[in-house]
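What follows is a single structure, written as structure tokens, with notes after it.
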Amino acid sequence: MNFDLFDHRLQKNGYSEKPMTFLDPEPNALLSAVTGIALIETGSRSARERWQEIQLRNLLNHASQRSAFWRARVGNRKASDVELTRLPILTRQDLRTQVASEGSLLRAADGFSANRHATSGSSGVPVNFFVSDFNVNYNFVRSLAQYFMEGRDLTLNRTRLVDASATDSASATKEQSWIGALSSFFKSGISKEIKVFNLRGEECARVVDELKKDDVGYLIAAPWHVNAIAAAFDLDFLKQAKTEMWVPFGAEIDPELTQTFADLAIPVRANYSSSEAGLIRAECGKFPGHYHVATSNVMVEVVDRRFEINGVSLGKVLVTHLHSYATPLIRYDLDDLACLRAKCPCGHDGPAIYNLQGRARSVVKHRDGRLSLFFPGQALAALTDFSEYRMRQTAIDKIVVELGGRAELNADEIAAITTCLQGFTGPNINFEVRACEQIDWGQSRKRPGFRCEI
Ligand SMILES: [Zn+2]
């Protein structure tokens with residue numbers, strides 16, 4: 001933790017010009033919220049845990065009062081008598097049932113509006129749920145708090161790649177700052193958003209040109225964005241464009257891509273948010289692969305440690321979102337597999353997730369019960385030409401491979417691809433390799449290279 005406000009450059013006219021006032025209300029409120037989050041997440045453990053218990057009780061009371069679904073789960077116990085670990089696990093199907101029958105649990109009189117959202121659908125059928133204004137604000141404040149907690153330079157630019165429609169692709173918008181109301185107080189770099197559609201061909205070239213125009217600074221981009229760019233361009237240009245850090249989100253990163261960034265000496269600091277709960281964990285600055293839990297937002301449990309990958313026993317990650325008043329998420333199964341420890345080896349005195357070997361949907365299942373990781377993208381790219389790929393395990397012994405941008409594949413190519421992929425999975429998995437002009441990703445924006453559908 002390096003929360004030192006004096007590390008950051010102040011605006012000369014940052015203080016208030018009103019009588020008997022230090023800071024103007026907006027930056028004051030934002031700075032106070034950032035400080036509160038930093039205190040909870042990095043301050044006294046016992047004070048944090050007490051705060052979490054009280055917040056959990058508040059949420060359980062609210063859910064029981066407003067929802068028959070939750071009354072049935074919590075029972076007649078007082079919220080203070082409920083042990084979190086004894087409540088049933090909330091599956092996606094449970095969530096669908098609650099939302100379909102009860103809608104949002106917030107009312108107009110609560111003073112928060114709630115909006116309907118849906119998951120991207122990359123892990124199956126999209127799930128509908130409601131989030132409140134508070135959640136939206138929290139997500140912004142928490143993203144800023146990460147920069148303050150790590151003492152990151154606010155004067156660097158921040159460049160985000162944002163999924164958009166084909167008509168908007170490669171267009172860019174710029175704003176003077178990315179730190180919201182704090183920009184009247186602290187100096188900051190510019191905020192730039194570049195819209196992307198599928199990052200193929202011409203569009204990819206135009207996005208790369210746009211990235212080269214200004215210093216990139218903090219690059220906020222999904223792994224699939226960077227994979228798609230890496231398929232057509234040498235990523236050296238990112239270094240020349242002064243990319244100081246890549247903050248990936250949404251999915252795992254191929255080990256080859258991690259290595260590419262290590263070679264470029266650009267640090268990678270992954271965040272993991274879910275659209276239902278907001279930020280869940282942020283990667284440790286000292287121990288890559290360890291993630292500090294966003295304890296101002298969620299409580300995390302790892303249960304049912306019977307999943308074994310590469311000799312490591314992993315459990316399911318459950319999340320309890322302390323501010324989920326519109327659609328309660330209590331012991332929600334994220335479909336992640338990982339381990340949890342009480343403290344991070346860096347010294348951070350808060351829970352840390354590690355051995356994040358894969359989302360349950362991003363590992364290959366074998367007939368003998370084994371699970372294995374599968375990152376064949378780079379090897380495949382070295383073997384044959386394609387613009388994008390998708391692999392889906394559709395049966396215990398079958399993976400369907402689609403290669404986009406290809407009208408056809410000859411028998412020799414298919415044989416070579418199969419041999420290459422079986423090098424990762426072993427010979428017991430059969431591959432059905434198909435050429436296709438364009439992959440139909442449906443509603444999914446995340447475009448996972450591999451997904452287990454069984
Ligand atoms: Zn750490």
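The values are calculated or read from the model by the stated rules, or taken from the named source; none is laboratory data. All values derive from a computational prediction rather than experimental measurement. Because the Cβ atoms are built from the backbone with ideal geometry, glycine has one as well, and the counts that use them run over all protein chains shown. Heavy atoms of the whole protein, side chains included, go into the accessibility calculation; ligands, DNA and RNA do not. Shrake-Rupley method; radii C 1.70, N 1.55, O 1.52, S 1.80 Å.
Key figures for this structure:
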{"item": "Spacing of the two label points (7 Å from each Cα toward its C-beta) at Ala100 and Thr35, in nm", "result": "4.8 nm"}
{"item": "Cut-off 17 Å (backbone N to label point 7 Å along Cα→Cβ of Ser16), residues of the range 174-213", "result": "181-186"}
{"item": "Under the Karplus curve 6.51 cos²θ - 1.76 cosθ + 1.60, θ = phi - 60°, whole-Hz ³J(HN,Hα) for the range 31-37, x wherever Gly or Pro sits", "result": "5, 5, 5, 4, 5, x, 4"}
{"item": "Residues Ala262 and Arg50, FRET efficiency given R0 of 51 Å [Cβ-Cβ distance, rounded to 0.05]", "result": "0.80"}
{"item": "Net dipole in debye of the range 163-222 [+1 Lys, Arg Cβ; -1 Asp, Glu Cβ; about Cα centre; nearest 20]", "result": "160 debye"}
{"item": "Estimated dipole of the range 88-214 in Debye, rounded to 20 [Cβ of Lys and Arg +1, of Asp and Glu -1, Cα centre]", "result": "120 debye"}
{"item": "Sequence-distant lysines (8 or more away, or on other chains) whose Cα lies within less than 20 Å of Lys213", "result": "Lys174, Lys192, Lys195, Lys239, Lys242"}
{"item": "Rounded percent of accessible protein surface that carbon and sulfur make up, the range 1-147, 1.4 Å probe", "result": "53 percent"}
{"item": "Distant-in-sequence amide H partners of Gly250 (H built 1.01 Å from N, under 5 Å)", "result": "Ser273"}
{"item": "Cα-based radius of gyration of the range 297-454 once divided by 2.2 N^0.38 Å, which approximates compact folds", "result": "1.24"}
{"item": "Accessible surface, per residue, of the range 84-160 when the full set of protein chains is kept, probe 1.4 Å, Å²", "result": "46 Å²"}
{"item": "Rounded percent of accessible protein surface that carbon and sulfur make up, the range 153-233, 1.4 Å probe", "result": "47 percent"}
{"item": "Size of electric dipole in the chain: Cβ of Lys, Arg +1 and of Asp, Glu -1, about Cα centre, debye, nearest 20", "result": "1460 debye"}
{"item": "Listed residues Leu318, Ile353, His366: farthest to the positive end of the dipole of the range 296-372 (Cβ charges)", "result": "His366"}
{"item": "Gyration tensor (alpha-carbon) shape descriptor, the range 304-346, a/c threshold 1.5", "result": "oblate"}
{"item": "Probe 1.4 Å, accessible area per residue of the range 324-454, Å²", "result": "44 Å²"}
{"item": "Gain in span if fully extended, Glu175 to Asp335, counting 0.36 nm per residue against the direct Cα distance", "result": "54.0 nm"}
{"item": "Alpha-carbon centroid distance for the pair the range 292-318 / the range 235-289, whole angstrom", "result": "20 Å"}
{"item": "Whole-number accessible area per residue in Å² for the range 214-285, which is evaluated in the context of all protein chains at 1.4 Å", "result": "35 Å²"}
{"item": "Protection proxy ranking of 381-392, 150-161, 22-33 - average other beta-carbon atoms within 10 Å, highest first", "result": "150-161, 381-392, 22-33"}
{"item": "Length gained when the stretch Arg86-Ala109 is fully extended (0.36 nm per residue, less Cα-Cα span)", "result": "5.1 nm"}
{"item": "Fraction of accessible area attributable to carbon and sulfur, the range 291-448 (%, probe 1.4 Å)", "result": "46 percent"}
{"item": "Estimated [θ] at 222 nm from DSSP helical runs (n ≥ 4, -39500 (n - 2.57)) normalised by residues in the chain, nearest 500", "result": "-9500 deg cm²/dmol"}
{"item": "Amide H contacts of Val433 (H built 1.01 Å from N, under 5 Å, at least 5 apart or other chain)", "result": "Val401"}
{"item": "Binned Cα-Cα distances of the chain, short to long, each 10 Å bin given as a whole percent", "result": "4, 18, 28, 28, 16, 5, 1, 0, 0"}
{"item": "Projected label distance in nm at Asp24 and Val162, using a 7 Å step from Cα toward the beta-carbon", "result": "2.3 nm"}
{"item": "Global geometry of the range 1-121, whether rounded, prolate or oblate, following the gyration tensor of its Cα atoms and the 1.5 cut on a/c", "result": "prolate"}
{"item": "Residues whose placed amide H lies under 5 Å from that of Ala326, excluding near-sequence neighbours", "result": "Ser132"}
{"item": "Extended-chain gain in nm, criterion 0.36 nm per residue less alpha-carbon gap, Asn430 and Val136", "result": "101.4 nm"}
{"item": "Residue among Gly180, Ser143, Cys344 farthest towards the positive dipole end of the chain, charges placed on Cβ", "result": "Cys344"}
